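Contents: one structure, followed by commentary.
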Amino acid sequence: MLNADLHCHSTCSDGTLAPAAVAALASRQGVELWALTDHDTVDGLAEAAAAAQRLGMGYLTGVEVSVSFAGETVHIVGLGFDADDAALRAGLASTRGGRQARALAMAAGLAEVGIHGAFEGALPYVGNPGLISRSHLARWLVASGVCADMPAVFRRYLVEGKPGYVPHRWAGLGDAVRWITQAGGQAVIAHPGRYKFSASAEYALFSEFAAHGGRGVEVQTGSHGPGAAAKYATMAREFKLLASRGSDFHDPAESRTAFGSLPDLAGDLTPVWEALAERVVQP
Ligand code: AMP
Ligand code: MN
Ligand code: MN
Ligand code: MN
């Protein structure tokens with residue numbers, strides 16, 4: 001099967017390598033079809049496309065949109081869209097709009113438990129001023145010795161109920177799916193195994209996603225073990241969704257999964273890239 005890796009991040013959101021460096025790493029690790037999917041921005045895509053061309057890698061445009069659904073944050077990956085589409089760009093701009101105020105509020109929450117200067121501390125880690133995220137605060141909290149590693153920071157400080165967590169209203173599910181599909185792309189539910197939904201809320205997510213025109217789901221992702229991959233392969237069959245594969249790479253030291261090293265998709269699933277054949281830029 002084609003070695004496709006269609007989920008990763010650069011310094012344009014919360015990754016630590018520039019788009020061209022992410023492309024070089026993906027290519028070195030055997031990826032044949034690649035998409036950069038930064039959170040809520042397409043800023044890195046011109047550099048990503050040029051790098052993929054230079055490296056001889058197939059390329060799709062990509063983005064990972066933050067969505068609020070049933071009281072949880074859900075991520076929707078868009079692939080193969082027109083990156084100049086005005087409605088998509090406006091939607092992404094509105095989605096990332098509140099990030100600065102949210103980061104200040106998160107830092108205020110941390111200050112209340114004696115951790116001072118988190119906002120200023122995180123700034124040197126931020127590659128894109130419009131896109132400060134929990135990851136940037138987390139990297140500062142690790143670097144300043146508050147926690148040993150990123151998972152510990154999230155567990156103790158940055159998830160619901162913890163001092164640095166601030167609930168945020170992201171895009172609507174239908175809006176995100178429409179921005180992507182009306183720009184000629186395919187919308188994909190990112191890492192479904194990560195959400196803390198009840199079975200009925202998860203069913204509602206898949207049903208509403210499909211009703212809005214969403215067509216795909218990540219089956220093989222760095223967030224899924226074999227059990228979750230099998231479960232979401234079954235969900236893909238049940239909801240007649242295309243299947244995707246992506247490492248969710250952010251940083252060489254933080255990532256559990258190397259580029260292009262996830263298991264292949266089960267043979268009876270239809271890979272999302274087959275439905276996007278006309279949108280793939282061949283090197
Ligand atoms: P935000 O969009 O600001 O809410 O930040 C979410 C990002 O934080 C995700 O895209 C991940 O990169 C990172 N993240 C979320 N949960 C964890 C975790 N438990 N461990 C490490 N990174 C995480
Ligand atoms: Mn991230
Ligand atoms: Mn995600
Ligand atoms: Mn991601």
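Based on the inverse mean of 1/r over its pairs of different Cα atoms, what is the Kirkwood hydrodynamic radius of region 49-202, in Å?
Values: mean 1/r = 0.0584 Å⁻¹.
Result for region 49-202 stands at 17.1 Å.
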Find which of Ala20, Ser207, Trp273 sits farthest along the positive direction of the dipole of the chain, computed with +1 on the beta-carbon of Lys and Arg, -1 on that of Asp and Glu, about the Cα centre.
Ser207
Taking a ≥ b ≥ c as the square roots of the Cα gyration tensor eigenvalues, with a/c under 1.5 meaning rounded and otherwise prolate when a/b beats b/c, else oblate, which class fits region 169-283?
rounded
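Determine the dipole magnitude for the chain: charges of +1 sit on the beta-carbon of Lys and Arg, -1 on that of Asp and Glu, nothing else is charged, the reference point is the Cα centre, and the result goes in debye to the nearest 20.
Working: 22 positive and 28 negative charges, 100 e Å.
Roughly 480 debye, rounded to the nearest 20.
Tell me the GluC sites (Glu not before Pro) within region 106-167 that lie in a loop according to DSSP and have at most 16 other beta-carbon atoms within 10 Å.
Qualifying residues, ordered by number: Glu160.
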Mean residue ellipticity at 222 nm from the helices of the chain, using -39,500 (n - 2.57) per DSSP H segment of n ≥ 4 over the full residue count, to the nearest 500 deg cm²/dmol?
-10500 deg cm²/dmol
Taking region 172-226 as the region of interest, what is the percent of Cα-Cα pairs per 10 angstrom bin, listed from the shortest bin to the one with the maximum distance?
24, 51, 24, 1
How much accessible area does Cys12 have with a 1.4 Å probe, in Å² rounded to the nearest 10?
20
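Given a 1.4 angstrom probe, I'd like the percentage of the accessible area of the chain that is carbon and sulfur, rounded to a whole number.
On the way: 5990 of 11460 Å².
Carbon plus sulfur share of accessible area: 52 percent.
Taking the Cα centre of region 134-213 as origin, work out the dipole magnitude from +1 charges on Lys and Arg Cβ and -1 charges on Asp and Glu Cβ, in debye rounded to 20. Numbers along the way, then the final one.
Values: 9 positive and 5 negative charges, 64 e Å.
Here region 134-213 has a charge dipole of around 300 debye.
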If every alpha-carbon in region 99-158 counts as one equal scatterer, what log10 I(q)/I(0) does Debye give at q = 0.12, 0.13, 0.23 1/Å?
-0.23, -0.27, -0.87
To the nearest 20 debye, what is the magnitude of the charge dipole of region 146-283 about its Cα centre, counting +1 on the Cβ of each Lys and Arg and -1 on the Cβ of each Asp and Glu?
320
Mean separation of Cα pairs under 8 Å and 6+ residues apart, divided by the residue count of the chain: what relative contact order is that in percent?
23
Accessible area per residue in Å² at 1.4 Å probe, computed on the chain:
41
Using the Cβ atoms and a cut-off under 12 Å, what net charge is assigned to the surroundings of Gly225, where Lys and Arg are +1 and Asp and Glu are -1?
+3
Note: probe point = Cα of Arg169 + 7 Å toward Cβ; backbone nitrogen < 17 Å; residues of region 57-82 passing the test are 66-74
Farthest towards the positive end of the dipole of region 35-183, among Val142, Ala176, Gly91 and with Cβ unit charges of +1 on Lys and Arg and -1 on Asp and Glu, lies the Cα of Val142
Indicate, rounded to the nearest 5 percent, the antiparallel portion of the DSSP beta bridges found entirely in region 1-124.
60
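Percentage of Cα-Cα pair distances in the chain greater than 23 Å, rounded to whole percent?
Working: 20487 of 39903 pairs.
Of all Cα-Cα distances in the chain, 51 percent exceed 23 Å.
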For Thr41, the net charge from surrounding residues (Cβ-Cβ under 11 Å; K, R +1; D, E -1) works out to -2
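Of all DSSP beta bridges located in the chain, what percent are antiparallel, nearest 5?
Values: 13 of 28 bridges.
Among the beta bridges of the chain, antiparallel pairing accounts for roughly 45 percent.
The values are calculated or read from the model by the stated rules, or taken from the named source; none is laboratory data. Bear in mind that the values here come from a model prediction, so they are computed numbers and not experimental data. Using ideal geometry, Cβ is built from the backbone for each residue, glycine included, and neighbour counts are taken over all protein chains shown. Just so you know, the surface numbers come from the protein's heavy atoms only, side chains and all, with ligands and any DNA or RNA stripped out. Shrake-Rupley method; radii C 1.70, N 1.55, O 1.52, S 1.80 Å.
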